[in-house]
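Beneath this line is the structure, given in structure tokens, with notes to follow.
The values are calculated or read from the model by the stated rules, or taken from the named source; none is laboratory data. The shown structure was predicted, so the numbers you read here are calculated from the model rather than taken from an experiment. Every residue, glycine among them, receives a Cβ derived from its backbone with ideal geometry; neighbour counts consider all protein chains shown. To get the accessible areas, we keep the full protein, side chains included, count just its heavy atoms, and leave off ligands, DNA and RNA. Shrake-Rupley method; radii C 1.70, N 1.55, O 1.52, S 1.80 Å.
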Amino acid sequence: MFNFLKKQKKDIKTKGIKEIYKKIYILFNYIFIIFLQIVSIPFLFFIYLIKPIVTIRFGEINPDLFGVLAEMPALYCCEREANKNTKKRSTIDIFYLTYRSHNNIYNHISNKYLVKMWKRTMRFFPGLIIQPLSRTNNFFARYISYLKVHDVWDAILDNKNSRETSYYHLHNRNIIQEFSPQLKFTQEEEKMGEDILLKFGLPKGSKFICLAVRDKGYEMKNTPFRASGHNDYRNMDVNNFMLAAEELTKRGYWVFRMGKDLNTKINTSNPKIIDYANSNMRSEFMDIFLGAKCTFCLSSSQGYECIPYIFNKPIACMIAPLIEMSSYSSNYFVLIRDHFSVKNQKKLSLSEIFETNSAFVHHSSLFNKHGVVLKDNLPEEIRDLSMEVLDRCEGRWLETDENKELQKKFWKIFYQNINYKKDDQEAIKLMTHTHIENMHIHSNCNISSKFL
């Protein structure tokens, strides 16, 4: 408490009178939330009372993160499809977008059109009303585990595991690839998307690739509460992808550079490489339409790739840390980011990446702590991965015995090292948080053959 009060005093002294108003505002919002949770208790007891007749479940969706907003509803809808003929009792699932009431952010929704489309297939209610019910139920469920049945994500595994475990369980089942895409475009939306493609200069029936490369711009302008720098290790230089983009256009494809409010622009004079992210025709609708209709997505591993993923499109991506690898899906084709040792002045081998615990950390400062610098993959490596995925999409890929052996060798080393632990409590904490025992049950994804 003393440290807390000391921090408040320091903040006010540093930022002035506006900080006092901000802190009073935040205080009253917290009081308001507590009031709502208390008021929700009688309604919650009524829900418990009618459970023998109908089970009401709550599902929270965090709209801040594009990937979560795409993946979580898709996983739920596929699970619902898988179990539609096995339900023994009536259930009503009510979803809500996380309601935030502090730091002046309220609900930042990464893509409002995506929410609109999910509302066609899922039941959404205002977060201000449902979140107090859901959060209060989750509090009671800490002491009465049976009440987890009223949380959609906890109920997926029959109350036996955590919400995070449910999430990875569905991924490991590769459930999204089991079913056709759960999002559908209306006839009007199909026409609108095709008309916009024509405006970009694409002849009807043209094929295209989505290029999604992360930089700091979006985070700084749209989610400043997340822009602490801990994710900066995921940023890459989009111009290192231009060699791949040029090769793709030579194969007859167009390339759309995806994103929003980015700091960087692409350096190209090729009319078939479109800087869509910086164009006046960029929209939340087209973000979804392009991801759904592309041949594949070339990504630096960011939330946007989840749009083509939920539409069962292949993803060619650069990965760091290794623990982030989507090993469950055969639609993922991976290039490992170069891990460079500052001390030894050399690129680390696969086992050495694990030995430094760099395979597990999700924070830029921890890479620095381990003396590891992440470097962008070479433009030639990115090109080779892109050509491999394109060959696979077009049915031209020839799988060699050498590549099969290299893939087996990679996964053998990966699984030998995945439980490696060193005397580094921060890394171990992060490793535990990611539930690695539930993430990498399968090794379905492919590592770039040229890279191996």
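Here the chain is treated with +1 on each Lys and Arg Cβ and -1 on each Asp and Glu Cβ, and its dipole about the Cα centre works out to around 1520 debye.
In order along the range 41-55, phi translates into HN-Hα couplings of 4, x, 5, 5, 5, 5, 4, 5, 5, 8, 4, x, 9, 8, 9 Hz, rounded to whole numbers, per the Karplus curve 6.51 cos²θ - 1.76 cosθ + 1.60 with θ = phi - 60° and x for Gly and Pro.
For the range 299-363, the Cβ-based charge dipole about the Cα centre amounts to some 140 debye (Lys, Arg positive; Asp, Glu negative; other atoms uncharged).
Basic side chains Lys and Arg get +1 at the Cβ, acidic Asp and Glu get -1 at the Cβ, and with that the dipole of the range 257-304 about its Cα centre reaches some 140 debye.
Taking amide H as placed 1.01 Å from N in the peptide plane, the amide H of residue 254 sits under 5 Å from that of 207, 208, 209, each at least 5 places away or on another chain. Checking the table 250/412; 375/412; 148/408 against a 30 Å threshold on Cα-Cα, which pairs fail? Over 30 Å apart, Cα to Cα: 250/412; 148/408.
The mean accessible area for residues of the range 12-94, using a 1.4 Å probe and ignoring ligands and nucleic acids, is 60 Å² per residue. For residue 59, the residues 5 or more places off, or on other chains, whose built amide H falls under 5 Å of its own are 94, 95, 96, 152. Residues in the range 283-293 carry Karplus couplings, in order, of 8, 5, 5, 5, 4, 6, 4, 5, x, 6, 9 Hz; the curve used is 6.51 cos²θ - 1.76 cosθ + 1.60 with θ = phi - 60°, and Gly or Pro positions show x. Karplus-based coupling profile of the range 33-38, in residue order and whole Hz: 5, 4, 4, 4, 5, 5, with θ = phi - 60° in 6.51 cos²θ - 1.76 cosθ + 1.60 and x standing for Gly or Pro.
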